[in-house]
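Novice: Sharing a structure, written as structure tokens. Questions coming.
What follows draws every value from the coordinates through simple rules; no lab data is involved. Keep in mind the model is a prediction, meaning the values are calculated, not measured. Please note: Cβ atoms are built from the backbone with ideal geometry, for glycine as well, and neighbour counts cover all protein chains shown.
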Amino acid sequence: MEADLLNVIVAFVKPFQLDAVMTAVRGIPNCPGMSVSEVGGFGSHLGHARRAGERSEADPFEPAMRVEIFCPSEQFVGIVEAIRKAAYTGHEGDGKIFGGQTSMACRIRTGDLGAAALLPPQAEAPRA
């Protein structure tokens, strides 16, 4: 396997921003795709303040969407910027984006490795 430089992006965004993020990422040529999970948590702002009439054992976690994208290194900055612009509201709790290198990718069905595992598989030649 050649040493393709691959990156992983993990973004936590507000649920109502997911459609905008998805549209922005789909607009990137040769977008490798994305996975999305519903999660909950709190950041440095420690979740929402207790509201009037709320029990003390109220769930401190704010709902969020976890977006994961594995991409070739040349797409990394463009994808991060697309997510950041699409998820931005200017309010506390807009979310976070994390990224870094990953050492391996493999498409289970074809055995494609590296960047080839991220792009659509090449059409097979017709058999004679």
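Novice: At R66 and V10, where each label point lies 7 Å from the Cα along Cα→Cβ, what is the point-to-point distance in nanometres?
Specialist: Reported label-point gap for R66 and V10 is 0.6 nm.
Novice: Please sort 75-86, 102-113, 25-36 by packing, taking for each peptide the average over its residues of neighbouring beta carbons within 10 angstrom, highest first.
Specialist: 75-86, 25-36, 102-113
Novice: At I28 and R109, where each label point lies 7 Å from the Cα along Cα→Cβ, what is the point-to-point distance in nanometres?
Specialist: Going from the I28 label point to the R109 one covers 2.2 nm.
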